[in-house]
Structures are given as structure tokens and as C-alpha cells.
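The values are calculated or read from the model by the stated rules, or taken from the named source; none is laboratory data. Remember, it's a predicted structure, so these values are computed and weren't measured experimentally. Note: ideal-geometry Cβ built from the backbone for every residue, glycine included; neighbour counts use all protein chains shown. When the accessible area is computed, the model is the full protein with side chains, heavy atoms only, and any ligands, DNA or RNA have been set aside. Shrake-Rupley method; radii C 1.70, N 1.55, O 1.52, S 1.80 Å.
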Amino acid sequence: MTMENLFRLVDQDQDFFQRKWTLVNGPVIVGAGPSGLATAACLKEQGVPFVVLERTDCIASLWQKRTYDRLKLHLPKQFCQLPKLPFPEDFPEYPTKRQFIDYLESYAKHFDINPKFNECVQSARYDETSGFWRVKTIVTSGSNKTEFEYVCRSLVVATGENAECVLPDIEGLSEFGGEVIHACDYKSGEKFKGQKVLVVGCGNSGMEVSLDLCNHNASPSMVVRSSVHVLPREIFGKSTFELAVLMMKWLPLWLVDKLMLILAWLVLGNIEKYGLKRPSTGPLELKNTKGKTPVLDIGALEKIRSGDINVVPGIKRFSRGQVELVNGEKLYIDSVVLATGYRSNVPSWLQEGEFFSKNGYPKASFPHGWKGKAGLYAAGFTRRGLSGASSDAMRIAQDIAQVFKDETKQLRMRTVARHRRCISLSQF
């Protein structure tokens, strides 16, 4: 059946054999971050072959190339480990960036996952005539670039929620004159020592960058344009996230949200007087419906209280060496860090409009957003972090493995039937 479909593909594309291509006896996984690695490991356990494509030269490029030095996992390690292999016991409860990268590299080695690096997917589309996915890539080797194509029965999109950084269009920013970087290029506050730095954004990255700048004797002003939930990372010695998960087993979400906010008030006090207004929607409901993660405080709030971090409202415009805020206030600043988040890049290469929406996320909400039609899957788009990616990976691998085993069984049966016919004909 596969060969017949392949012949159909060749018939309709006369230039097919003029390009470099390969037929993959299993899924193609796009992305070698935690979601792609987890899916590959689960497929390996099921005995299903696969190919992992990665546009950069390493696994987990977001963690290795686009995160600041002081970063640690925001959640306890038991909620961040990937399937089939826990973190080493000697790792702390909140592993560092370097420890998490080491864990991912040992994970890939343990399951013998060998991605094809420097291979950027240009397009992927399903060919209805042949029943194959056609994944076209550009392979970079030094200064040489080569086009290649993978032909496969199933495609796993594992490029994640944070594939591309979001760069806002702010009036006058090009005229500012000082250094302007996205948080993905921020490593440490060392180079900003003594500077007045505007941090645009108040999520976990914005808060941590502001804290890091303080610790390196810079003077950060943090733009808080909209409401934000700030929760303590721990409540009375217990992980806030772990406490929420525990309560969710027994209580409805709305009640857990109310209890979390009461506990946060007991630990942090009233944060609105510092310019941090809470949304009307609870933190867990907001995360589930909008994907907006609450900030888990690890020290920034103390710096805000002391005035070391200056909280300011939205930006009206930039000009040479200064910024004007929406309240009319003007600040003289030396540098700008855009902690304005990330987005999915799926719409730029996946030629499909039924499963994924225009924002690059599956249209179906969790837990139904892992499987589309015609062998299309999505790993790591749950807005539920690493635990959500692990859940996707296990479901995807189980589903693909069942299809793979059924097709292998049918192929064996056809082979046996042909063999028997040959024996019968040879007797005449």
C-alpha cells in the first residue's frame, strides 16, 4: 500500500527524483526541545522508528541559547521531568538552567535520540493523493545550504509555544539611541551595572530580569501595562503549584483560585499599592483559558517594595535617551530590555488550516489538542508547561505505535499470502 501511494506521489510530481529525499518509516518530529525529545523517547520505547529535525545545532535551543544565566525551573522538579526518566536524586527541588540542560542531554543519550541538526523546515503539507506528509527542509553545513525532503505517514509538530520572540512596535523606539535587546538575548545584569534600564513586561521573565539588574547594581524600571497575578513560589514551605494541584483533586477550580489568592494575600500582602493590579479572573482559570502564566515571586516583590525596582505604567513613545509614559511622566534611560514574550511559528511553515489556528496553537483545547487528522500531531502546545508536553508525548506515541503495529501486521499478512500463492503456482 505504501509503495502504491509513493508511486502516486511520483506520478503527480515529475521533479520528485531530481531532489534529495527520503522515505521515513515512521513519524517526522519537528523540534528537538523537551516536547520533541519526550515524544521521541516514548516512540523509542514502543519500537517505532522516527526522525527528529532541529533548525539549530543543539537540543533545547531555547534553554541553551535564549535564556538568562540565573534562570531556574519555576516549578518543583517532579512536575518538570520528562517521561520514562526522572531527574537525578541529587538535583535540588528547583534545578538550575545548567542542570536542566544536562538532564535533557542525558535524556537524549539514554534513549539514543540523534536529531538532524541545522535542518530548518521550510514547509510541511499533507498530500491527499498519496496519503503522505511532505516535509521540505534546508540543511545548513557551513556556508552550504541544501534542500531536502522527507516523506512520511505522520508528522509531530513539537516546535513549541516559544519558537519566536515577540518584538512590539513602539513609537520612537528606533530613535532611542541606546541598547535595545529582547529578553532572549539577556544573559546577566553585569553589563548594565550603573545604568538606568527600562524592562518592558512584567511576566516571570520581566520580574526576574528586573531582579537580576538590581543584584548587579543597575536601576530598573519595569513597565506594567496590564493586570498581573503575582503568587509566592512557596506557601508555608510548600510549593504553590503543588498545593494548587493537590486542591484541584478535591475542589472546583473557582474555589481553588479563591483560596490561592487568600493565601497569596497572607504571604505577600496587598500588592496593588505597588502598581501591580490583579486580574478579575483567577490565576488558574486565566492560565487555562488564556495561557497567561502567573508570576511566581522569587524576590522581585521585595525589591519593588524597597523601591529598587520602579514600577511604571504603559509606554506612550520613545525619544532620544528617554521614554514618555501614558501618564505623561518622562524617564531618562540608558537601555531597554523587551520582556515581551514569545509565540508559536507553526503558521510560517505548516500548510494546514483545520487543526492549528492562525495563532499557531491547536484549535482544540487541552486535553484534546494533541491529535489532528491524517497523522498530524502536536506536542507541547497545552499551555501547561513541561507536564503538559509529557502528557502529549505519551498519548502521541501510543497512538502512532498502534497504527504502526497494525500496518506492520497487515504487511506481514500480505507477504505470507503472496508467499503461499507462489508455492501453489510452483507445484504446477
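If you take every DSSP beta bridge whose two residues both sit in the range 125-247, what share of them, in percent to the nearest 5, is antiparallel?
75
Could you calculate the contour length gain from Ser174 to Leu331, that is, 0.36 nm times the residue separation minus the distance between their Cα atoms, to one decimal place in nm? Numbers along the way, then the final one.
Numbers: separation 157, 0.36 × 157 = 56.52 nm, distance 1.68 nm.
So the chain would gain 54.8 nm between Ser174 and Leu331.
Given the options Tyr377, Ala124, Gly307, identify the residue whose Cα lies farthest towards the positive end of the charge dipole of the chain (+1 on Cβ of Lys, Arg; -1 on Cβ of Asp, Glu).
Toward the positive end, the furthest listed residue is Tyr377.
Using the reciprocal of the averaged 1/r over all distinct C-alpha pairs, how large is the Kirkwood radius of the range 322-381 in Å?
After inverting the mean inverse Cα-Cα distance, the result is 14.7 Å.
Working out 0.36 nm times the residue gap between Ile181 and Ile262, then minus their Cα-Cα distance, what length gain in nm do you get to one decimal?
Here the answer is 25.5 nm.
Using the Cα centre of the chain as the reference point, and only Cβ charges (+1 on K/R, -1 on D/E), how large is the resulting charge dipole? Debye, rounded to the nearest 20. Walk me through the numbers on the way to the answer.
On the way: 56 positive and 46 negative charges, 165 e Å.
Computed about the Cα centre, the dipole is about 800 debye.
Rank by packing, highest mean first: peptides 67-78, 389-400, 258-269, with packing defined as the count of other Cβ atoms within 10 Å averaged across residues. Please report the intermediate quantities before stating the final value.
Values: 67-78: 17.6, 389-400: 22.6, 258-269: 15.1.
Final packing ranking: 389-400, 67-78, 258-269.
Bin width 10 Å, origin at 0, all Cα-Cα pairs of the range 58-109: what percent of pairs per bin?
Pair shares across the bins are 25, 60, 15.
At a 1.4 Å probe radius, carbon and sulfur cover how many percent of the accessible area of the chain?
51
Who wins for biggest fluctuation among Glu324, Glu45, Glu179 in a Gaussian network model of the chain, springs between alpha carbons below 10 Å?
Maximum among the listed residues: Glu179.
What is the range 277-355 by shape, rounded, prolate or oblate, if you read a ≥ b ≥ c off the alpha carbon gyration tensor as root eigenvalues and call it rounded for a/c under 1.5, prolate for a/b larger than b/c, and oblate otherwise?
The shape class here is oblate.
Using the heavy atoms of the protein chains alone and a 1.4 angstrom probe, what is the accessible area of the chain per residue in square angstrom?
Per-residue value: 51 Å².
Determine, at each q value in 0.09 (inverse angstroms), the log₁₀ of I(q)/I(0) that the Debye formula gives when each Cα of the range 189-302 is one equal point scatterer.
-0.26
For Ile333, which sequence-distant residues (separation of 5 or more, or a different chain) have an amide H within less than 5 Å of its own amide H, given hydrogens modelled in the peptide plane?
HN-HN under 5 Å from Ile333: Gln322, Val323.
Test of understanding: express the Cα radius of gyration of the range 43-85 as a ratio to 2.2 N^0.38 Å, with N the residue count.
On the way: Rg = 14.1 Å, N = 43, 2.2 N^0.38 = 9.2 Å.
Computed over Cα atoms of the range 43-85, the ratio equals 1.54.
Explain nothing, just the number: relative contact order of the chain, from Cα pairs under 8 Å at least 6 residues apart, as a whole percent.
21
Over the Cα atoms of the chain, what radius of gyration and what Dmax do you get, in Å?
Using the Cα atoms of the chain, the pair Rg, Dmax is 25.2, 99 Å.
If I stretch the segment between Lys316 and Thr289 completely, what's the gain in nm (0.36 nm per residue apart, minus their alpha carbon distance), one decimal?
The span from Lys316 to Thr289 would gain 6.8 nm if fully extended.
Using the Karplus curve 6.51 cos²θ - 1.76 cosθ + 1.60 with θ = phi - 60°, what ³J(HN,Hα) values do you get for each residue of the range 374-390, in whole Hz, with x for Gly and Pro?
Running phi through 6.51 cos²θ - 1.76 cosθ + 1.60 with θ = phi - 60° gives 6, x, 9, 9, 10, 10, x, 10, 7, 6, 10, x, 5, 5, x, 5, 5 Hz.
Classify the range 120-252 as rounded, prolate or oblate from the Cα gyration tensor: take a ≥ b ≥ c as the square roots of its eigenvalues, call it rounded if a/c is under 1.5, otherwise prolate when a/b beats b/c and oblate if not. Before the final figure, lay out the partial values.
On the way: a/c = 2.71, a/b = 1.37, b/c = 1.98.
The shape class here is oblate.
Nearest 5 percent is fine: what portion of the DSSP beta bridges confined to the range 175-321 is antiparallel? Intermediate results must be reported in sequence, preceding the final value.
Values: 2 of 13 bridges.
Of those bridges, close to 15 percent are antiparallel.
Output ³J(HN,Hα) for the range 235-242: one whole-Hz value per residue in order, computed from phi by the Karplus curve 6.51 cos²θ - 1.76 cosθ + 1.60 with θ = phi - 60°, and x for Gly and Pro.
For the range 235-242, the Karplus curve yields 10, 6, x, 10, 4, 4, 5, 4 Hz.
Calculate how many DSSP beta bridges within the chain are antiparallel, expressed in % of all such bridges and rounded to the nearest 5.
Details: 31 of 64 bridges.
Antiparallel bridges make up about 50 percent of those DSSP assigns within the chain.
Taking 7 Å along the Cα-to-C-beta vector as the label spot, tell me the Lys136-Asn114 distance in nanometres, rounded to one decimal.
Here the modelled spin labels are 2.9 nm apart.
Which distance in nm do the two modelled labels at Lys145 and Val403 give, with both placed 7 Å along the Cα-to-Cβ direction?
3.1
Rg to Rh ratio, the range 243-377, alpha-carbon atoms and Kirkwood radius?
Working: Rg = 20.1 Å, Rh = 18.9 Å.
For the range 243-377, the value is 1.06.
What trypsin sites (Lys or Arg not before Pro) does the range 279-385 have in DSSP loop regions with at most 13 other beta carbons within 10 Å?
Counting only loop positions with at most 13 other Cβ atoms within 10 Å, the trypsin sites (Lys or Arg not before Pro) in the range 279-385 are Arg320, Lys358, Lys373.
Taking H placed 1.01 Å from N in the peptide plane, check which residues at least 5 places from Ser357 or on another chain put their amide H under 5 Å from its amide H.
Here Lys363 satisfy the definition.
Report Rg/Rh for the range 150-197, rounded to two decimals, where Rg is the Cα radius of gyration and Rh the Kirkwood radius.
That ratio equals 1.22.
Enumerate the amide H contacts of Gln122 below 5 Å, restricted to partners 5 or more residues apart or on another chain; note that Pro and chain-start residues carry no placed amide H.
When sequence neighbours closer than 5 places are left aside, the close amide H contacts are Lys136, Thr137, Ile138.
What 222 nm value per residue comes from the helices of the chain, counting each DSSP H run with n ≥ 4 as -39,500 (n - 2.57) and dividing by all residues, nearest 500 deg cm²/dmol?
-10000 deg cm²/dmol
Top to bottom by accessible area (1.4 Å), largest first, where do His368, His229 land?
His368, His229
Give me the Debye-computed log₁₀ of I(q)/I(0) at q = 0.24 Å⁻¹ for the range 71-136, equal point scatterers on Cα only, no solvent, two decimals.
Computed log10 I(q)/I(0) values: -0.98.
Give me the mean projected area, in nm² to one decimal, of the convex hull enclosing the Cα positions of the range 45-176.
Orientation-averaged projected area of the Cα hull: 12.7 nm².
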